Amino acid sequence: MKIGDVVGFRVGYRDNAALVGFWPSNGWCHIKIASGNLALSDNDVYTITGNYYMNGSMIVTENATLVMKNAL
């Protein structure tokens, strides 16, 4: 696995040995992985949607735009 990969997973959970359910309830949860700083400047535009995991800072300067839609 490397930076920029998208990881899909689904979690099954149980209580007292009886299967209770899954999360998410249907399909997979996809998370994009990033490490390091996200630096936007000038007229840069960057959009983050859905699940996103980042280990670093988001730096937005000058006329740059960071858009987050339905992001977790």
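Stretched out straight at 0.36 nm per residue, the stretch from N63 to N16 would grow longer than its current Cα-Cα span by 11.4 nm. Remark on V60: its backbone amide H falls under 5 Å from those of L40, a criterion applied only to residues 5 or more positions apart or on other chains, H modelled at 1.01 Å from N. Database remark: amide H of I48 closer than 5 angstrom to the amide H of V67, M68, K69 (H placed geometrically; neighbours at sequence offset of 5 or more, or on other chains; Pro and chain starts carry no H).
We did not get these values from a lab; they are worked out from the coordinates using the rules stated. Since the model is a prediction, treat every value here as computed from it, not as a measurement.
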